[in-house]
Amino acid sequence: MKNISGIILANALLVGCSLIAVTIVFACAVTSCSSVEISDIASPNPDSRRQSLDLMASDSEPQKYFEKFMEVLEKDSDAMVRAQAAFYLGKFQHKPALPVLIKATEDSNVFVKQESVWALGEIKDTSALPTLLTLLEKNSNIEVRKRAADALKKIGDIKAIDGLIEQLDDINQTVAYAALQALRSITKQDFGRDIKQWEKWRESQPKGK
């Protein structure tokens with residue numbers, strides 16, 4: 001009987017110690033997260049830098065940090081941190097960031113490219129048209145191409161029409177459909193994926209339109 005009681009007591013102590021250990025680990029994790037500050041943008045830890053960007057973006061005056069977002073997009077060594085900076089520049093539609101975002105569409109990391117293309121669409125400036133049209137036509141990543149078409153749709157400039165028509169017969173259905181959606185939005189016309197009909201309509205429009 002004593003042996004059984006001893007085993008039960010030992011197991012109870014073991015469980016109790018395990019729960020304490022878990023509690024300590026959890027408390028440390030929470031403390032670590034909550035202790036992140038905006039100044040941690042200079043931290044060697046990429047997670048801390050991302051959390052710092054979140055704090056900047058949630059500030060009551062996020063515009064104070066727009067320059068920092070651009071600096072991070074240009075210089076940070078971690079791709080996910082750069083991508084997050086691009087996202088916030090788009091979210092806040094910071095037009096002065098256009099040159100930095102356009103350059104970031106050439107980033108070696110595909111996620112940075114994707115977020116930068118999305119951001120260009122949110123800012124809706126026609127100076128991004130050449131970059132977006134090139135990405136739509138030539139980029140090897142399907143999501144980048146789709147986002148380029150979506151961005152052109154948001155910008156809504158007629159100068160994108162010819163480039164969008166060319167993508168209607170793209171082998172990738174996602175890209176072709178995104179191009180069609182952009183055309184429908186920009187032109188208020190709908191000829192499906194019939195390229196000849198689109199070209200016929202295009203030729204019927206006054207020059208410059």
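Values in this text are rule-based calculations from the coordinates and carry no lab data. These numbers come from a predicted model, not from an experiment. In this analysis, Cβ positions are derived from the backbone assuming ideal geometry, glycine residues included, and neighbour counts consider all displayed protein chains.
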(request) Could you tell me the largest-minus-smallest coordinate of the C-alpha atoms of region 91-167 on each of the three principal axes, in descending order and whole angstroms? (result) 29, 24, 16
(request) May I have the extent of the alpha carbons of region 37-123 along their three principal axes, as whole Å values ordered from largest to smallest? (result) 30, 27, 14
(request) Just rank Glu203, Glu143, fewest to most, by other beta-carbon atoms within 10 angstrom. (result) Glu203, Glu143
(request) Excluding residues fewer than 8 places away in the same chain, name every one of the lysines whose C-alpha is closer than 24 Å to that of Lys188. (result) Lys124, Lys146, Lys153, Lys154, Lys159, Lys196, Lys200, Lys207, Lys209
(request) When a/c is below 1.5 the answer is rounded, else prolate if a/b is larger than b/c, else oblate, so apply that to region 124-209 with a ≥ b ≥ c taken from the square roots of the Cα gyration tensor eigenvalues. (result) oblate
(message) Suppose every Lys and Arg Cβ carries +1 and every Asp and Glu Cβ carries -1, with no other charges. What dipole size does region 139-209 come out with about its Cα centre, to the nearest 20 debye?
(response) 280
